[in-house]
Amino acid sequence: MHGLSDLVLPAAGRQRRAIYSDPQVYAQEMERIFGRCWLFLAHESQLPNPGDFIRTFMGEDEVLVIRQADHGIKAFLNTCTHRGNRLCRADRGNARAFACNYHGWAFGIDGTLAAVPLEKEVYFCEIDKARHHLVPVEKVAAYKGLVFGCFDPHAPSLDDYLGDARWYLDVALDAMPGGMALVGTTQKVAMSTNWKLPVENVSGDGYHLGWAHAGAMKAVQSLDFSGFAVGNTGVNLEGGMSVAGLNGHSVLATLDGKSGYSFYPDPREALAYLAENRARVVERLGAFRGEKLWGSNINFTIFPNLQVLTGLNWLRIYQPRGPGRIEQWTWAVVEQAMPDALKQQILENQTLTFGPAGLFDNDDGDNLASCTEQSRGWRTGQMEVYTHMALGHSGPRPGLPGDIAMGIISEHNQRHFYRRWHEHITAASWADVPRYNVNGLDDQAAGAAGVSAA
Ligand code: FES
Ligand SMILES: [Fe+2]
């Protein structure tokens, strides 16, 4: 096995390719990242009524997320406590109870073992049903509609885990009354890539837009992104920003307040919605977030495997399936306050661009699979990946949380992602994981929300 400490050298902007293919590294990730971090489970809008459930994953552990009778949300391992069968096979639905397909044990939506067939006759009433309760996920909590679970009882609270990333995330979750909602069905794609590669790509890689997506850029002919259509040669390198140093989370954003809708065949309805509600959002979130961020293309990354893109209108999780495989789950994202016609347009455009057969998504899949393959060889596994761009060209900006590199072509966020990965993988427990919010709101003068980037 490779020594964990030399797999990633955050200060040098390098990581060993073996981290994308080594099964022992993957086993450590299951324990120290997916077994330790807060992981996205569902959006509350997907579970409006008691008994509503979703079947999802935390790492490779399958879980059932269920709305309770008291309207709280609980999550349990989706495995029968009798002989280990998968309990629920449906992806989503409403249930009064879950009966196992193997021998018929039935569990309530609160996880209690409610019924055991022939309990008296074959168990002689000697079974301790309380002991065979479904196994709960240790911690479940929500932040403005996003529901997360965590297996580690010693993890910080969800609020502390998200830290100052919440300040930015509120642009997606709390700009308008009613917040965010997921629409349409779950779009699932199996891909031959290591889970870290798509996360770091979306977290900060503006560099690939004018190459990997040159054809797609040409097809959508966005004026806001015209510089990317020709090998990045026309890009305004000063525009936008990459924000990291937020407990491992990051933000990549244009700062124009409108390019989130640049890839729409006809963005007029979306632009009218922005114009109509801009003043309200400024009042709610302050001038910087209301004018520069709301409506922009923004990629939020919540470590380790959740991404929310308000501009391109999707929310995505990457479910690891071994070192070189993932299931990528995507939903279209809208604001509840949007008119129905705009919500429908968003769903259609998201399918066209980043759906399973989307114009842009297919470009990425091929490159990410290829990078994964090129880490598997005896020799290539020892090689490094160079993530050095803009190293040393970042810092705090007045009024804005995080370590900020200006421009959206940089490897700033990717580097911070690997730094966080490294901090977790080398730590024996949460007590050894550093927590930091660079230029944290707590450290700043009052009134931060209204201050512009310098
Ligand atoms: S394994 Fe579920 S009832 Fe036996
Ligand atoms: Fe891409």
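Toward the positive end of the charge dipole of the stretch 340-420, with +1 on the Cβ of Lys and Arg and -1 on the Cβ of Asp and Glu, the farthest Cα among Pro401, Leu352, Gln414 is that of Pro401. Ligands, DNA and RNA are left out, and with a 1.4 angstrom probe the accessible area of the stretch 388-433 is 32 Å² per residue.
Computed over protein heavy atoms with a 1.4 angstrom probe, the accessible surface ordering of Asp174, Asp91, largest first, is Asp91, Asp174. With everything on Cα atoms, drop me the angle between helix 340-354 and the longest principal axis of the chain, reported from 0 to 90° to the nearest 10. That works out to roughly 80 degrees. A dipole drawn for the stretch 39-141 from +1 and -1 charges on Cβ atoms has a positive end, and of Ala75, Leu47, Leu134 the residue lying farthest that way is Leu47. With the whole protein complex present, Glu373 retains an accessible surface near 100 Å², based on a 1.4 Å probe. Accessible surface for Thr233 stands near 110 Å², nearest 10, in the context of the full protein assembly shown (1.4 Å probe).
Placing +1 on each Lys and Arg Cβ and -1 on each Asp and Glu Cβ, with no other charges, gives the stretch 39-141 a dipole about its Cα centre of roughly 160 debye. Only one residue of Gly290, Ala11, Thr426 has its Cα farthest out toward the positive end of the dipole of the chain, where Lys and Arg carry +1 and Asp and Glu -1 on Cβ, and that residue is Thr426. With a Cα cut-off of under 28 Å and a minimum spacing of 8 residues unless on different chains, the lysine pairs in the stretch 47-173 number 5. Heavy-atom surface analysis with a 1.4 Å probe gives the chain a carbon and sulfur content of 52 percent of its accessible area. Rounded to the nearest 10 square angstrom, Asp224 shows an accessible area of 70 square angstrom against a 1.4 Å probe. A 1.4 Å probe run over the stretch 248-332, with the rest of the protein chains in place, finds 29 Å² accessible per residue.
Here the chain is assigned +1 on the Cβ of each Lys and Arg and -1 on the Cβ of each Asp and Glu. Its dipole about the Cα centre then comes out at about 440 debye. Among Glu138, Glu29, the sequence by solvent-accessible area, most first, with a 1.4 Å probe is Glu138, Glu29.
Surface exposure of the stretch 19-142, expressed per residue as accessible area with a 1.4 Å probe, stands at 47 Å². Ranked by solvent-accessible area (1.4 Å probe, protein heavy atoms only, all chains present), the residues Tyr386, Tyr143 order from largest to smallest as Tyr386, Tyr143. Cysteines of the chain lacking any other cysteine Cβ under 4.7 Å from their own Cβ: Cys37, Cys88, Cys125, Cys150, Cys371. Comparing Cα centroids, the stretch 155-219 and the stretch 2-68 end up 15 angstrom apart. Using the rule -39500 (n - 2.57) for each DSSP H run of four or more residues, divided by the residues of the chain, the 222 nm mean residue ellipticity is -7000 deg cm²/dmol. Once the Cα atoms are used to define both axes, helix 412-425 deviates from the longest principal axis of the chain by about 30 degrees. In order along the stretch 294-308, phi translates into HN-Hα couplings of 5, x, 6, 6, 10, 10, 9, 10, 9, 4, x, 9, 10, 9, 10 Hz, rounded to whole numbers, per the Karplus curve 6.51 cos²θ - 1.76 cosθ + 1.60 with θ = phi - 60° and x for Gly and Pro. Against the main long axis of the alpha-carbon atoms of the chain, helix 268-285 sits at an angle near 80°. Karplus-based coupling profile of the stretch 80-92, in residue order and whole Hz: 5, 7, 7, 10, x, 5, 5, 7, 10, 9, 7, 6, 6, with θ = phi - 60° in 6.51 cos²θ - 1.76 cosθ + 1.60 and x standing for Gly or Pro.
For the stretch 365-382, putting each phi into the Karplus relation 6.51 cos²θ - 1.76 cosθ + 1.60 with θ = phi - 60° gives couplings of x, 5, 5, 5, 5, 5, 4, 5, 4, 7, 10, 8, x, 4, 8, 5, x, 8 Hz, in residue order, rounded to whole numbers and with x for Gly and Pro.
The values are calculated or read from the model by the stated rules, or taken from the named source; none is laboratory data. Every value quoted in this text rests on a predicted model; they were computed, and no experiment measured them. Note that each Cβ is placed from the backbone with ideal geometry, even for glycine, and that neighbours are counted across all protein chains shown. What goes into the accessible areas is simple: the full protein's heavy atoms, side chains included, and nothing from ligands, DNA or RNA. Shrake-Rupley method; radii C 1.70, N 1.55, O 1.52, S 1.80 Å.
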